[in-house]
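Here is the structure we will look at.
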Amino acid sequence: MKIFVVNAGSSSLKYQLIDMDNEQVLAKGLCERIGVTGAISHKAADGREYKAETPMPTHSEAFEAVVYAMVNSKAKVIDSFDEIAAIGHRIVQGGAIFKGSCLVNDKVLSDISDLGAMAPLHNPAHVLAIKACIKTFGDKIPQVVVFDTSFHQTMPAKAYMYALPYEYYEKYGVRKYGAHGTSHRFVSDRVAVLENKDKKDLKIITCHLGNGCSITAIKDGKCIDTSMGFTPLDGFMMGTRSGTIDPSALTYIAEKENLSAADINNICNKKSGMLGISGVSNDNRDIAAAAESGNERAKLATDMQRYQILKFVGQYIAAMNGVDAIAFTGGIGENDPELREYVCENLAFLGVKIDKDLNKLRGKEVKISTDESGVDIFVIPTNEELAIARDTLEIVSKL
Ligand code: AMP
């Protein structure tokens, strides 16, 4: 059975075609500059590629280009879209409405659209993409939506509420929703498999460290707390995002520099974090190179990032009254041995011991802690597309 996974933004559309009989990716690709010009780059699993510039005024033309790439191009992987059992869409914001993945219908579409106020860059684009999918493939292929937020819906109120006047929660739904939930779920499921234990018997901390970063505490198989908040700006410093800071610092800067709320939002989301501190880049590889050649601000950014990650891990160990396993994932989590070593060395008080050679591995699934370690430490490459495909398959198999 083949599942088509879609991750749509306002001007881009990433996709994968996964054969669920063996969970292998048959093809993956990207449509870019939708609404502006339009380009597709598509790659089959055997390395054949198809690239084209083709007008994509809307997501509908992008899907038509995908159909051509998959069915007719020199990198074709199927004979017809009839071979596709279902389509799974990644959705960024499910608010408090969506506690799990579900089939698309009119009510679901309008709820995703209404939640757009909390994810203005993402949810409206998801709705456009789903509608374009219906236009391109008709209603013969069932469509499923999988939310970045739903894994975090098990958080208790004491974790998700902000200590603001209660009316803002009631009027506007201002509370913590979290993000990267599909990744945290995928990685914590893998931890349970590698531990050969039921997830319900484990206390797990998953660290998704990429350009966006979040850390989640999972107890009894459920998320009990996560670092991202009302939006993915919260938590600790990321590529260009500030993470948590004293809100008074922002009102002070806004007054001094005569900035609007939108300006402040832009600064915190796009000009802060590793980029803001280092002044070099949002990319950890550039920052590491700059720090290596003596750039003090790059070194400071690195130190801050590691310290903030350690503190979140520490908070969640306390919140769960212990931890059995910690897993690192995401571009940084999978590829930065020094960051992992820093965190683990500072957990020596829990008996954490890692094998320095195993920790040098990059981008591979591996247990880096030794057999004597008080906590098991893993590196687990995330696979959000596969998690979306699995949910999609599970839902459509019941139809
Ligand atoms: P992501 O958003 O998960 O793609 O992660 C992007 C971040 O991962 C960037 O800061 C990259 O510098 C970092 N990253 C990706 N690959 C590597 C690598 N091989 N070594 C170090 N950092 C990496």
Taking a cut-off of 18 Å between Cα atoms, list the lysines near LYS270, but don't count ones fewer than 8 places away on the same chain.
none
Cα centroids of the stretch 229-286 and the stretch 159-198: how far apart, whole angstrom?
22
For each pair in LYS14/LYS74; LYS99/LYS197; LYS158/LYS219; LYS131/LYS222; LYS14/LYS43, compute the distance between the two Cα atoms and list the pairs where it is over 21 Å.
LYS99/LYS197; LYS131/LYS222
Could you calculate the FRET efficiency of GLU257 with LYS99 from 1/(1 + (r/R0)^6), where r is the beta carbon distance between them and R0 is 56 Å, rounded to 0.05?
0.85
Length gain on complete extension for the stretch ASP303 to ASP46, per 0.36 nm per residue less the alpha carbon to alpha carbon distance?
88.4 nm
Could you order peptides 10-17, 116-123 by the average number of other Cβ atoms within 10 Å of their residues, highest first?
10-17, 116-123
Would you work out which of ILE253, ASN335, ILE91 lies farthest towards the positive end of the dipole of the chain? Charges go on Cβ: Lys and Arg +1, Asp and Glu -1.
ILE253
Shape category assigned to the stretch 176-259 from the gyration tensor of Cα positions, a/c cut at 1.5
prolate
Using the Kirkwood radius over Cα pairs, work out the Stokes-Einstein diffusion coefficient for the chain at 25 °C and 0.890 mPa s, in µm²/s as a whole number.
110
Excluding residues on the same chain fewer than 8 positions from LYS271, give the lysines whose Cα lies under 21 Å from its Cα.
LYS256, LYS299
The stretch 216-358 accessible area per residue, 1.4 Å probe, protein heavy atoms, integer Å², reads 49
Could you check the spin-label model distance between GLU170 and LEU361? Points 7 Å from the Cα along Cα→Cβ, value in nm.
5.4
Gyration tensor (alpha-carbon) shape descriptor, the stretch 1-57, a/c threshold 1.5:
oblate
extent check for the stretch 1-143: Cα max minus min per principal axis, descending, whole Å, gives 43, 36, 23
Output ordering of 31-43, 231-243 (per-residue mean of other Cβ within 10 Å, highest first) is 231-243, 31-43
Quick one: go through the stretch 159-176 and flag any residue whose amide nitrogen is under 19 Å from the point 7 Å out along the Cα-to-Cβ line of ASP246.
163-164
Given a 1.4 Å probe and the protein chains all in place, what does the accessible area of LYS28 round to, in Å² to the nearest 10?
100
Given C-alpha coordinates of the stretch 236-339, what is the ratio Rg to Rh with the Kirkwood estimate of Rh?
1.04
At a 1.4 Å probe radius, carbon and sulfur cover how many percent of the accessible area of the stretch 310-349?
48
Per DSSP H run of at least 4 residues, take -39500 (n - 2.57); add these up for the chain, divide by its residues and hand me the 222 nm value, nearest 500 deg cm²/dmol.
-11500 deg cm²/dmol
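The values are calculated or read from the model by the stated rules, or taken from the named source; none is laboratory data. Treat the numbers as computed from the prediction; the structure is a model and nothing was measured. All Cβ positions, even for glycine, are placed from backbone atoms using ideal geometry, and neighbour counts span all protein chains on display. Each accessible area value is taken on the protein alone, full model and side chains, heavy atoms only, with ligands, DNA and RNA left out. Shrake-Rupley method; radii C 1.70, N 1.55, O 1.52, S 1.80 Å.
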